[in-house]
Amino acid sequence: MQNLDKNDYLEALISSITDSYIEQPSFLPNKGIVIEITELLRKLIFPGYFDKEDTDYMYLRYYVGSLLIEVRGKLQKQICRALLHETATICSDDAEALSEKITVDFLKKIPELREILLTDVDATLDGDPAARNKHEIIFAYPGIFAIGTYRIAHELHLLGVPLIPRIMTEYAHSVTGIDIHPGARIGHHFFIDHGTGVVIGETTEIGNFVKIYQGVTLGAISTRGGQSLYGKKRHPTLEDEVTVYSSTSILGGETIIGRGTVIGSNAFLTKSVSSDVRVSIKSPELSFKDLKQREQDETSG
Amino acid sequence: MQNLDKNDYLEALISSITDSYIEQPSFLPNKGIVIEITELLRKLIFPGYFDKEDTDYMYLRYYVGSLLIEVRGKLQKQICRALLHETATICSDDAEALSEKITVDFLKKIPELREILLTDVDATLDGDPAARNKHEIIFAYPGIFAIGTYRIAHELHLLGVPLIPRIMTEYAHSVTGIDIHPGARIGHHFFIDHGTGVVIGETTEIGNFVKIYQGVTLGAISTRGGQSLYGKKRHPTLEDEVTVYSSTSILGGETIIGRGTVIGSNAFLTKSVSSDVRVSIKSPELSFKDLKQREQDETSG
Amino acid sequence: MQNLDKNDYLEALISSITDSYIEQPSFLPNKGIVIEITELLRKLIFPGYFDKEDTDYMYLRYYVGSLLIEVRGKLQKQICRALLHETATICSDDAEALSEKITVDFLKKIPELREILLTDVDATLDGDPAARNKHEIIFAYPGIFAIGTYRIAHELHLLGVPLIPRIMTEYAHSVTGIDIHPGARIGHHFFIDHGTGVVIGETTEIGNFVKIYQGVTLGAISTRGGQSLYGKKRHPTLEDEVTVYSSTSILGGETIIGRGTVIGSNAFLTKSVSSDVRVSIKSPELSFKDLKQREQDETSG
């Protein structure tokens, strides 16, 4: 009897979950596989750094070749599912042809991606006195993980792939605490130090040789408009050689930080700043209370 | 000989670690399995989004059924261990009966959990101009991951389960950078954007249609009292339709933010604010130095 | 034909990636295995908390012994690779002898590491009114995860191991959002609450019974000097019993916070503070706008 009762509530549960599931589209990319693809691409860009087995040099060509073919197959299938999900009208054959083309176009970009990511590694070594060598940076630095994943996702974004780029950058966000939207445009020699809490919005534009520290937000002034704001430039522009120190927020689509300008910590900017300026906040007044004294008062009271 | 020496230090090490281990209770939940359970529940709430294989519609009922039965078995066992750990007095049979009852009561809540979590998805789509569709949000948005895990953990917390709810929310904290205590009370249509650095304390109360941005702390004024403060309301109350922008801290158990009020970025509040107010800080004065000029001075000096 | 074309672009890709790979050193530690080692060490320090199977007491000695022998083998191999990578001159035999010695010296420190980490657990229980018991803290608290990993990495850093310590602390950074450089020096009874966004720089010195909250940076004033600053004390010193509340930045190698001093939230300090002082910022003025009123104006306009 009791068993039957149990089945009753289970049956009811299963039905209510299954029914509520009908509205879901029949095609969706698979998050787990998109993350696998991201890791495979990181291995391709820095072979030997992220593999569980030691890399045997004699076979490197075959190793790289097998990684490429694995990525190609998985990426093409996920792109196809993403296209079919986004545009209900597209027929399956067109989606397959298109995803094959996009996949090949993307794979051809890998050497370029590797080249620009190496400029980010150089910028990190130049920028961080605690960095011992490039290997430490490639292995361990969250900035390189987040920027590398962003550069991969941005290429797919430019090729018109839906859903997958954002899944990739949010994966990097969860690993590093650095949230870069795939739509942002970022130049070479980009350096993010520590990085936890960094937010770089969809329509942000960043030049070359820019440095950013933990807790910096490049954001929108207000999102009260919601979906009506989609596509509008809502996030700032940083020209070449700009430095933004920790916990500073720079907001607004018309806010431009001029070439070579340095913004200090904890600033809150919603207006443009010209080139070659050092902006710092007049830190708020501090009050000092003698704790020893106070305790004496309390006891003597 | 050398081998013997080695064994010596190993034996000593093993003893010192084993001995120091005696004080540990014989029953503890298993963190790895609690995390598995959390992921299984996320699959049940959004089937098809988080599974490695593609979901075949014909078999969806069986798929959901098998997930439910797997969760039931694992959850019941972990709850039993948590109960036995917490209350040494309880006998094993009572613990098993109680954990079966709690597990069934919890599973029956899943459709409700799914319903309220879908209101959070709606709020996210309304609130973020960069969001393309609900699927992107369910796949990728850390706010939905953290809120969903909190809503699961909060139910178990209400059912009196020790240890497990906090392990679940700290798992979400490590994935998203969003730290929501299972004891907090949060209404429907809750939206957290970006989220890294958000802290929502144990006795926080949040109404419906509330929006919160990265780096917001809803915290206690001081924790110097330590354990003596347990149970006291130490964290603030946000009424319906409140918005709190990035890096703002709202502290104190008697601090109430009135309905519809909007708090700007970087504020630090320890007092209540009435309804329908826009609070913003007079940003600290900025100082501007011309770097070009300065460099000339330095070289000309 | 089409297949041949495909092979063409694949061949070209494989070559360009393989060629660009030549400059990489032949010896590198393996990040995945270094992370496994970190997890094995956490199991050794808190056996029973992090294992997927239930721990059988009768066999605890054998369990601990097998963990120790697994760690020893893996750690010794990774240290050897790290040494060979760092110092091209060292011969392979010397590297193996040295890494065996370092490994044994490190393993002998485990009971000490366990002891000091238990003082951190005590400090956390004292400091957090929401904490129910030590088990919850060991299971779930990110502060304990980050401090424990730092204490392991710091020992290896003191023993002169390159690369591996930083890979370990950056692993903890990705799990917790707490970024502690292995070079920092930290006393016992250290408590970090919530922790997301905490940054503790390479040359920081922290005394005993220190408390730190989310978003606190103990950093350098400027890193414009880049590599030229390596080795210089660039980060602050916190004496015993100092408390630093959330989102405060304390910068500079000559900045000393005196014994027992408490620094409030959102402060920005680049100068020393004497002992037993309560420092708090005069929070910036707030402006209040009545939204209801404004809406009426708008509609009545």
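Points worth noting:
- For the stretch C:158-186, the candidate set comprises residues that are more than 9 Å from chain A (Cβ to nearest Cβ) and not in a helix (DSSP H, G or I); within that set, the residue that is most open to solvent (accessible area, probe 1.4 Å) is C:Arg185.
- Within the stretch C:220-253, the residues that satisfy the criterion of being within 13 Å of C:Thr270 (Cβ to Cβ) and out of contact with any Pro (no Cβ under 8 Å at 6 or more places or on another chain) are C:Ile221, C:Ser222, C:His235, C:Pro236, C:Thr248, C:Ser249.
- Failed criterion for C:Ile164 (all others in (1) farther than 23 Å from B:Pro29 by Cα; (2) among the β-branched types (Val, Ile, Thr); (3) in contact with a Ser or Thr (Cβ under 8 Å, 6 or more places away or on another chain) hold): (3)
- Of all residues in the stretch A:139-159, those that are more than 16 Å from C:Val175 (Cα to Cα) have Cβ atoms under 7 Å from Cβ atoms of residues that are part of a loop (DSSP other than H, G, I, E, B), 6 or more apart or on another chain, in A:Ile147/A:Phe190; A:Tyr150/A:Pro182; A:Ala153/A:Pro182; A:His154/A:Pro182; A:Glu155/A:Lys109; A:His157/A:Pro182; A:His157/A:Gly183.
- Of the residues making up the stretch A:193-211, those that are in a strand (DSSP E or B) and either in contact with a Ser or Thr (Cβ under 8 Å, 6 or more places away or on another chain) or more than 27 Å from B:His173 (Cβ to Cβ) (or both) number 5.
- Among the strands (runs of 3 or more DSSP E) confined to the stretch C:221-291, the ones with at least 3 residues that are at the interface with chain A (Cβ under 9 Å from one of its Cβ atoms) and either among the β-branched types (Val, Ile, Thr) or closer than 28 Å to A:Ile137 by Cα (or both) are located at C:277-281.
- Close contacts from the stretch C:1-21, counting a first residue that is hydrophobic (A, V, I, L, M, F, W, C) and a second that is at pLDDT below 80, with Cβ to Cβ under 8 Å and a gap of 6+ residues or different chains, come to C:Ile17/A:Pro47.
- Test: C:Phe190 is out of contact with any His (no Cβ under 9 Å at 6 or more places or on another chain) and at pLDDT 95 or above: yes
- One residue from C:Leu113, C:Leu107, C:Leu75, C:Leu84 being within 21 Å of the chain's Cα centre (by Cα), open to solvent by 10 Å² or more (accessible area, probe 1.4 Å) and not basic (Lys, Arg): C:Leu113
- Flag if C:Pro236 is out of contact with any helix residue (DSSP H, G or I) (no Cβ under 7 Å at 6 or more places or on another chain) and not assigned by TED's automatic domain parsing to the domain that holds C:Pro129: yes
- The selection criterion, being more than 10 Å from chain C (Cβ to nearest Cβ) and open to solvent by 20 Å² or more (accessible area, probe 1.4 Å), does not hold for A:Thr149.
- When the stretch B:120-136 is filtered for residues that are outside any loop (DSSP other than H, G, I, E, B) and open to solvent by 10 Å² or more (accessible area, probe 1.4 Å), the ones remaining, listed by number, are B:Asp122, B:Ala123, B:Leu125, B:Asp126, B:Lys134, B:His135, B:Glu136.
- The stretch B:81-107 - residue that is part of a helix (DSSP H, G or I) and either of a type in the set (Ser, Thr, Tyr) or not assigned by TED's automatic domain parsing to the domain that holds B:Ile33 (or both) and, of those, modelled with the lowest pLDDT: B:Ser92
- For the stretch C:209-265, the set of residues classified as more than 20 Å from A:Val216 (Cβ to Cβ), at pLDDT below 95 and aliphatic (A, V, I, L, M) consists of C:Leu229 only.
- Among the residues of the stretch B:187-210, those that are crowded, with 24+ Cβ neighbours inside 10 Å, in contact with a helix residue (DSSP H, G or I) (Cβ under 8 Å, 6 or more places away or on another chain) and of a type outside the set (Val, Ile, Thr) comprise B:Phe190, B:Phe191, B:Asp193, B:His194, B:Gly195.
- Out of A:Thr38, A:Thr18, one residue alone is at pLDDT 75 or above and outside the structural domain of A:His135 (by TED's automatic domain parsing). It is A:Thr18.
The values are calculated or read from the model by the stated rules, or taken from the named source; none is laboratory data. None of these values were measured; they are calculated from a predicted model. Cβ coordinates were reconstructed from backbone atoms using ideal geometry, including for glycine residues, and neighbour counts include every protein chain displayed. Surface accessibility is based on the protein's heavy atoms, side chains included, excluding ligands, DNA and RNA. Shrake-Rupley method; radii C 1.70, N 1.55, O 1.52, S 1.80 Å.
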